[in-house]
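Notes to accompany the following structure.
The values are calculated or read from the model by the stated rules, or taken from the named source; none is laboratory data. Bear in mind that the values here come from a model prediction, so they are computed numbers and not experimental data. Note that each Cβ is placed from the backbone with ideal geometry, even for glycine, and that neighbours are counted across all protein chains shown. These area figures cover heavy atoms from the full protein model, side chains too; ligands, DNA and RNA do not enter into them. Shrake-Rupley method; radii C 1.70, N 1.55, O 1.52, S 1.80 Å.
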Amino acid sequence: MEDFSSSKNNNNNNNNNNSIETAARELRETFNSGKTKEEKWRTTQLKNLLSLLMEKQEHIHTALQHDLAKHPVESFRDEVGPLIKSVNYALKGLKKWMVGKKADLPLAVFPA
């Protein structure tokens, strides 16, 4: 009897590599398009991240309990809560952070 498990694993690895390469290509295209510089795009991404954290909170707690034996309260305090707080902080400060600011150049970089 032949063992086909290694060929299945190779196919799964190839599919995973292809999907990773596809995702990376799509992300590069999005970045290169300049879309990521827009405030609206960044705000949408942060809001989507916040929604994901809220919607999948139970799954995150379960994974942390399974992998690291963390109690749900501990996982919220140490993992999910700080992320939610950080995303909210980023949403509040995004517009201010995006304002163009002229940078002072050190004397060493001026031409002679």
Top-ranked residue of the range 1-51 - restricted to ones that are open to solvent by less than 80 Å² (accessible area, probe 1.4 Å) and either of a type in the set (A, V, I, L, M) or at positive phi (or both), ranked as modelled with the lowest pLDDT
Gly34
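So for the range 65-79 (the condition being closer than 23 Å to Lys96 by Cα, surrounded by 14 or more Cβ atoms within 10 Å (Cβ to Cβ) and modelled with pLDDT of 95 or more), does at least one residue qualify? Full working, then the answer.
Keep residues of the range 65-79 that are closer than 23 Å to Lys96 by Cα, which gives none.
Looking through the range 65-79, none of the residues is closer than 23 Å to Lys96 by Cα, surrounded by 14 or more Cβ atoms within 10 Å (Cβ to Cβ) and modelled with pLDDT of 95 or more.
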